[in-house]
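Worksheet: one structure, shown below.
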Amino acid sequence: MTRRLAPWVAGVVALAALPAIVPNSFYLHVAIMILMWTLLGSAWNLLGGFAGQVSFGHAALFGIGAYVTMILFLKAGLAPWWGIPLGGLAAALVSLPIGLVCFRLRGPYFSLATLAVAEIVKLVALNWETVTNGSVGFLITTFPPVRFFGLAVDWESKLPFYALAALLALGGLAATAWLQTSRLGAYLIAIRENEEAAEAVGIDTVRAKVLTFALSAFLAGLGGGFYAAYFRYVDPDAVLNINLSMEMVFIAMVGGLGTVAGPLVGAVFLTTVGESVRERFQVGHLIFYGLFMMLAIRYMPEGIWGRARRLLAALRARVLGHVAA
Amino acid sequence: METFAQSLTSGLLTGALYAMIGIGLTVVFGVMRIINLAHGEMVMLGMFGAFWGQSLWKLDPFLSLLLWAPVMFVGGMLVYRFLLRKIIPGGELNTLLYTAGLSLLIANLALFAWTGDYRTINLSYGQEPVRPFGISIAVPLAIAFVVALAITGALWLFLSRTDLGRAIRATSQNREAALLMGVDVERVATVTFGLGTALAGAAGVLLAPSLYLYPTVGELLIVKCFVVVVLGGLGSVPGAIAGGLLLGVVESLGAVYVSSTYKDGIGFVLFLGVLLYRPSGLFGVGK
Amino acid sequence: MSLLEVDGLTRFYGGLRAVGDLSFTVGEGEILGLIGPNGAGKTTVFNLITGFVQPSAGTIRLDGKSVVGLRPHAVAARGIARTFQVVKPFPGLTVKENVTLAAFLRHPSRRDAEAAALEVLGRLGLGHRAGDLASQLTLMDQKRLEVARALATGPRLLLLDEPMGGLNPSEVDVASRLVDQIRKGGVTVVLVEHVMKAIMRISDRVVVVSQGEKIAEGPPAQVVKEPAVLAAYFGKRAAP
C-alpha cells in the first residue's frame, strides 16, 4: 500500500514546492500548461488508451467546458470554481448522445464520426451568435475580488491558476488510477482486445464505452473550463480547434497509452518542447508534436512511459538477481 | 429558377474539384486500407506550389500543374516507401494516427516557413466572369473544372486500360487474390500512393486561383474530403466522383435555400447519416 | 419442459436465406450435436441464439422466456455462453485475466471472480498456464481457454462452435472427455462439429442442417443412415 501511495505523495510535495523554485513566471506558465495537458491527455487516455476508441472529437468537449464556464461567468455572474465543474458536467451530458451515435461505428469509422461531430459543434458555436457571440467569442476583463481562507486571491498572479491546474491534473491522474483497478477498466481492456468476445462473456460494451466517454468528457470539459478562466478568452478557433483533439491524442500516445503516468510524461515532454518553440517562434510549435508522434508510432508504440516502465522492470529483475546470487 | 441554375452550376464546378481530391483519398484507401489524414496537406502543398511558381518564376498557375503533379507523384512514392510502409502492419488505427502526425508536421512546417498569412493568386486573365445562358461563371473555376475533368478522364483510362491500372483495381478489390495472381502488391501500393498524392496536389494547384491559401487550409479540405468519400463509399472511384459532385451541389443549394452559415453543416450531417445507416455509401458501390 | 426451444427460426441476408424455419429443442443436461455440410448455417444459428445476429422470424426461448432481441451480453447474463469457431481470446491479457473478465458476470468482486476463474482453469487443466499471455498458448490450449471463459460466465447452456476443429486425434479424445465432464458439471451442451467420430460418440442426439433447414433429427447412429443426410453430405449419387 505504501509503495502505491509513495509516488502520489512525492508528486504532491513536488507540486507544492515548484512555485518556490521556478525563476520566473514563464516557467510557471509552462508548468500550468503541463498540468492542464496532463488532465486533457488523461481524459483522452481513458477512452483511447483503455478502450482503444480513438476519438478525434475531444476538442468539442473541451470547447463546451470552456464556453459553459465563460457564459456562466459573464451572463450569470457565476465564478469559475462553480463554472468549471459545471462545464465538465455539460460536456459529460453532451457526450451521451454523441457516444450513443458514434459508438455504433468501429475503428477508424468511429474516429471519422467523432471528427464530424466536432466540426458540427464548431459550426454551431460560430453561428449561434445569441449564445456564443459567434466568431468574436468572449473576453473576461476582470475577476471579482475573492477571499480564500481569509486571503485575498491575486488573479493577476499565476499562482491561483497553478494551484487549480495542479488539483485538476491530480484529479485526472487519480481518475485513471481508479479506472485501472476498477471492473469498468477491466471491461474496457477487454473491449480493446476483442469487442465481440467481450460481449460474449457478458460485458455490456455499449454501456461501458458510453460511461467512459462521459467520464472522459467530464475531464476534458474541466480542462476547457480551466482554459477559459486562465486565458480569459474563448472563441471557436481557440477552444474548438481540431488541433486540440490531436494534441490530446498525441500526448497520451507519446507518453504511453493505457497507463496512469503516460499522459503526465507525454505532457511534460511535448508541452515543454511546444511552449519553448512557441515562446521563441510564435508559430509552428506543433511541428514537434507531429514529428514525435510519427517517431513514437514507428519506434516506441508503447510510449515513453511504457518503454521506461519495461526497462525499469528489467533493471530491477537484474539487480534483484545479483542480490540473490 | 435562375438562382437555382446559378447555384447548381457553381455547385457542380466546386464539386468536380472535391471529387478530384476525393479520388486521391479513395484509391489509396482501396489499395492499402489507409485513411490518409495528411491528404489535405498534400492539397495545401499543391496550392502553395502554384503560388510560389507564379510569384518566384512567373509561372502561370494552371501551367505549373505540369511541374507540380510529377513532383507530388514522386514525393508521394517516397513518403510511402520510407515512412508509411513500415507502419501499415501495425494496424489501421496506428496508420491513421501516423498520418495524423504527418498532417500536423507538414501543416506546421508550412506555417513556420510561410507564416499563417492569407494569400491569393491574381491571374492576368479571366477577371470578368463569363455568362453563358445568363449564368455567371468565374473563369479560374471554369478552367479548373475542365482540367479536373480531363485528369479524371485520363485516370479512368489509366485504371481501365493499362496493366498497372488493372493491377491497382485488382489489388483494391482483393489483395490476397491479386498477390496470388502475381501482382507485385508492394509496387502497386507505392504507385497508388504516389498517384493519390499527385491527384491531391493537382487539385490544390487548380484550386489555388479560386481560394485563399494558408498553411492550415488542409484541415478544412480533409474533412470535406472524408464527407465526399464516405458519401460515395470508401474505396470507390465512381463513388468519390458522385460524392464530390453531390457535396458541391448540396453546399451550394444549401447556402441559397437553407442557410448560408450552416451550409458546411449540411455536409457533416449527411456524412454522419451515411456512416451510420449506409456505411457502404449512398450509391452502394463501395464495400 | 426443454431448456432451449427454437421455433421457426429464420434469417435472411439480403435475398439469401441463411437459416429457414428451423425448429429444435434441447433438454436439460443433454448434449446435442448440430451437424451439416459446410455453409449449412450452423454458425449463423449460434449467432442468432446468442444475439450477435437478429432473426428475421421465429422464436428462441430459454426456460420458456424469449431471448430474441437481447444483445449478446444480456443473453450471456440469461445463462447462454458460447465459444467462437475462430478463437477470440483477449491476446494481450493473461489466461487468468481472460477468464476473470468472464467470471465478473456472476462475481462482482474481483477477489471472488479471480477465485472462480482459477477454479474453472483448474477444472480444464489450464491452471499451470494461468500467468501466461493468451497469445502464447497453443491452438489446443486457446480452444480450452475459450471454453474456460465461456464456463466462467456460469452458463446453463453452452454453445461450442467446432471445439475440435484443427486438433489432432489424441487431442480430440481429450476434448471429447472434456465435453462429457462439462455436462456432468450440470451444463447443457450444444455443439457444432465437423469431426464426425467425436459427434457420434458424445452426442445424445443430433440435428442435421442443410442449407439452413433441418433435414433430420435423432440419435446419432440412426440419423447417419437416413438417405437425406447421406445426400446432403455426399451428394445425390451416394444416396441409395
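Below are the figures for this structure:
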| quantity | calculated |
| --- | --- |
| Filter result for the condition that a residue is over 17 Å from residue C:85 (Cβ atoms) and without any contact (Cβ under 8 Å) to a residue 24 or more places away in the chain, over C:155, C:169 | C:169 |
| Considering residues of the stretch B:187-222 that are under 11 Å from the mean Cα position of the chain (by Cα), among the hydrophobic types (A, V, I, L, M, F, W, C) and within 13 Å of chain A (Cβ to nearest Cβ) only, the residue surrounded by the fewest Cβ atoms within 10 Å (Cβ to Cβ) | B:221 |
| Complete set of residues in the stretch A:154-185 that are surrounded by 15 or more Cβ atoms within 10 Å (Cβ to Cβ), assigned to a loop (DSSP other than H, G, I, E, B) and not aromatic (Phe, Trp, Tyr) | A:158 |
| Only listed residue being of a type in the set (A, V, I, L, M), under 22 Å from residue B:88 (Cβ atoms) and at pLDDT 85 or above, chosen from A:291, A:311 | A:291 |
| Selection from the stretch A:231-244 of residues that are within 9 Å of another protein chain (Cβ to nearest Cβ) and of a type outside the set (A, V, I, L, M) | A:241, A:243 |
| Residue identified as closer than 27 Å to residue A:257 by Cβ and surrounded by fewer than 21 Cβ atoms within 10 Å (Cβ to Cβ) among A:201, A:206 | A:206 |
| Considering residues of the stretch B:78-103 that are outside any helix (DSSP H, G or I) and not small (Gly, Ala, Ser) only, the residue surrounded by the fewest Cβ atoms within 10 Å (Cβ to Cβ) | B:86 |
| Tally of residues being facing another protein chain (nearest Cβ under 10 Å) and either touching a residue at least 40 places away in the same chain (Cβ under 8 Å) or part of a helix (DSSP H, G or I) (or both) across the stretch B:252-265 | 3 |
| Looking only at the stretch C:1-17, and only at residues there that are in contact (Cβ under 8 Å) with a residue 24 or more places away in the chain and of a type outside the set (A, V, I, L, M, F, W, C), the one that is nearest to residue C:210 (Cα to Cα) | C:17 |
| Those residues of the stretch A:94-136 which are more than 17 Å from residue A:240 (Cβ to Cβ) and touching a residue at least 60 places away in the same chain (Cβ under 8 Å), in sequence order | A:96, A:99, A:100, A:103, A:106 |
| Residues located in the stretch C:47-104, provided they are at the interface with another protein chain (Cβ under 9 Å from one of its Cβ atoms) and polar (S, T, N, Q) | C:50, C:83, C:98, C:100 |
| Boolean, residue C:161 is of a type in the set (Asp, Glu), within 12 Å of another protein chain (Cβ to nearest Cβ) and touching a strand residue (DSSP E or B) at 6+ places or on another chain (Cβ under 6 Å) | yes |
| Strands (runs of 3 or more DSSP E) enclosed by the stretch C:16-74 - at least 2 residues per element that are within 28 Å of residue A:104 (Cα to Cα) | C:16-26, C:57-62 |
| Selected residue (criterion: nearest to residue B:216 (Cα to Cα)) from residues of the stretch A:281-325 that are part of a loop (DSSP other than H, G, I, E, B) and of a type in the set (Gly, Ala, Ser) | A:284 |
| Complete set of residues in the stretch A:245-302 that are polar (S, T, N, Q), within 12 Å of chain B (Cβ to nearest Cβ) and buried (at least 24 other Cβ atoms within 10 Å of the Cβ) | A:245 |
| Check on residue B:155, of a type in the set (A, V, I, L, M, F, W, C) and surrounded by 16 or more Cβ atoms within 10 Å (Cβ to Cβ) | yes |
| Residues within the stretch B:104-127 that are surrounded by 11 or more Cβ atoms within 10 Å (Cβ to Cβ), part of a loop (DSSP other than H, G, I, E, B) and not polar (S, T, N, Q), tallied | 4 |
| Residues of the stretch C:47-76 classified as small (Gly, Ala, Ser), touching a residue at least 40 places away in the same chain (Cβ under 8 Å), within 26 Å of residue C:29 (Cβ to Cβ) and in contact with a Leu (Cβ under 9 Å, 6 or more places away or on another chain), total | 2 |
| Number of the exception - residue A:23 against (1) closer than 25 Å to residue A:123 by Cα; (2) modelled with pLDDT under 95 | (1) |
| Filtered residue count, the stretch A:174-190, keeping only those that are away from chain C (no Cβ under 13 Å) and hydroxyl-bearing (Ser, Thr, Tyr) | 1 |
| Test: residue in the stretch B:114-131 that is touching a helix residue (DSSP H, G or I) at 6+ places or on another chain (Cβ under 8 Å) and within 14 Å of chain A (Cβ to nearest Cβ) | yes |
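The values are calculated or read from the model by the stated rules, or taken from the named source; none is laboratory data. Being a predicted model, the structure only gives us computed values, none of them experimental. Virtual Cβ from ideal backbone geometry, glycine too; neighbours counted across all protein chains shown.
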